[in-house]
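Reviewing the structure listed below.
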Amino acid sequence: MPDATKTGAPRTIRLSDYRPPAFKIDETHLTFELEPGATRVVSRLVMRRADGGDGPLVLDGEGLKTLRVSLDGRALDEGEYRAGDDALTIPGVGAEFVVETECVIDPQANTALSGLYRSSGNYCTQCEPEGFRRITWYLDRPDVLSVFTTTIVGDADENPVMLSNGDRIAGDETDDGRRRVTWRDPWPKPSYLFALVAGNLGCLRDTFVTRSGREVALEVYAEHHNMEQCDHAMASLKKAMQWDEDVYGREYDLDTYMIVAVDDFNMGAMENKGLNIFNSRYVLARPETATDADFDAIEGVIGHEYFHNWSG
């Protein structure tokens, strides 16, 4: 797979160079304190050494301002780890351990639109292929799967909507009046499928009853001026869910399925687990102006991203 170095020169990644990961991440706990120019990200990783894994722990990162690093609850001195431009190295870790880091990132200045960025007042992520390392130190590779629990803290007026993967398990207010919402995705996934969306968005709600009788909450989020154009996307989602059950016997495996359509999303669409993000042009349609081809295209892309849930 072609890639680029910091100088912009192409870099080739060869399959023959592949090595299995030396470490696994069983649990990932993230806390985001949203601020446009200085978002604080606390990461707690429950880790273990893989069979045959050796050497120090090396986590991927890019553009991170590291405030602290701890190992098994003990804050490390600067001489006990190395935080470089693209790697955090911690020697001497055991067979099982917990690493916690605290970093600051700047979503407002993130014009690369990779990782967590803020545009038109909304926070959004794009982590495929290697954007997650711009959020926090991590084993940012597709063969490391982890269960994610994500807490988002933000100004209630600026961010009435705060979403991440999985199902919402908690929500309250902080002592200083900010909102705090926690999401948990119980299914292990690679970091490129992580997603976070926060901002002032409208929501179209519906439900889907699975073949076993379980009710799934369906939510389509969009900027308020686009909400009247979301009905076909919702209908397309329900058709895709029904088709996957009828043809392959595959029921959706969370209690919530969310679609976010924003004008400033830099990719066409992204199949993040339980929280698909789309550029608006792939989701929105007004019956008075959209063509049959427009409606077919929306149905196709909505189904395509939904089918990733089971097909990878």
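The values are calculated or read from the model by the stated rules, or taken from the named source; none is laboratory data. Everything numeric here is computed off the predicted structure, so don't read it as measured data. Neighbour counts run over all protein chains shown; Cβ positions are idealised from the backbone, glycine included.
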Candidates Thr150, Thr66, Thr136, filtered to the one that is buried (at least 22 other Cβ atoms within 10 Å of the Cβ), in a strand (DSSP E or B) and in contact (Cβ under 8 Å) with a residue 40 or more places away in the chain: Thr150
Under 26 Å from Gly171 (Cβ atoms) and of a type in the set (Gly, Ala, Ser): does that describe Gly94? no
Quick one: count up the residues across the range 258-301 that are under 25 Å from Thr150 (Cα atoms) and hydrophobic (A, V, I, L, M, F, W, C). 12
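Among the residues of the range 291-312, which ones are surrounded by 15 or more Cβ atoms within 10 Å (Cβ to Cβ) and either touching a residue at least 24 places away in the same chain (Cβ under 8 Å) or within 21 Å of the chain's Cα centre (by Cα) (or both)?
Taking the range 291-312 as the starting set, the residues that turn out to be surrounded by 15 or more Cβ atoms within 10 Å (Cβ to Cβ) are 294-295, 297-299, 301-309.
Within the range 291-312, Phe295, Ile298, Glu299, Val301, Ile302, Gly303, His304, Glu305, Tyr306, Phe307, His308, Asn309 meet the criteria.
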Can you pull out the strands (runs of 3 or more DSSP E) entirely within the range 1-62 that have at least 1 residues that are at pLDDT 95 or above and surrounded by 13 or more Cβ atoms within 10 Å (Cβ to Cβ)? 23-33, 39-49, 57-60
What about Ala222, is it modelled with pLDDT of 95 or more, touching a His at 6+ places or on another chain (Cβ under 9 Å) and either in the same structural domain as Glu299 (by the TED database) or not hydrophobic (A, V, I, L, M, F, W, C) (or both)? no
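Check whether at least one residue in the range 240-257 is modelled with pLDDT of 95 or more, in contact with a Leu (Cβ under 6 Å, 6 or more places away or on another chain) and not assigned by the TED database to the domain that holds Glu158, and report yes or no.
Going through the range 240-257, the residues modelled with pLDDT of 95 or more turn out to be 240-257.
Then drop every residue that is not in contact with a Leu (Cβ under 6 Å, 6 or more places away or on another chain), which leaves 257.
Subset that is not assigned by the TED database to the domain that holds Glu158: 257.
Yes - at least one qualifying residue is present in the range 240-257.
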Select from the range 224-237 the residues that are without any contact (Cβ under 8 Å) to a residue 60 or more places away in the chain and either in contact with a Leu (Cβ under 7 Å, 6 or more places away or on another chain) or of a type in the set (Asp, Glu) (or both) and list them in ascending order. Asn226, Met227, Glu228, Gln229, Cys230, Asp231, Met234
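May I ask you to verify whether Asp185 is more than 21 Å from the chain's Cα centre (by Cα), surrounded by 15 or more Cβ atoms within 10 Å (Cβ to Cβ) and charged (D, E, K, R)?
Numbers: more than 21 Å from the chain's Cα centre (by Cα): no; surrounded by 15 or more Cβ atoms within 10 Å (Cβ to Cβ): yes; charged (D, E, K, R): yes.
So Asp185 fails the test.
If you scan the range 121-133, which residues turn out to be surrounded by fewer than 18 Cβ atoms within 10 Å (Cβ to Cβ) and either closer than 22 Å to Val69 by Cβ or at pLDDT below 95 (or both)?
Step one: list which residues in the range 121-133 are surrounded by fewer than 18 Cβ atoms within 10 Å (Cβ to Cβ), which gives 121, 129-130.
Listed by number, the list holds a single entry, Glu130.
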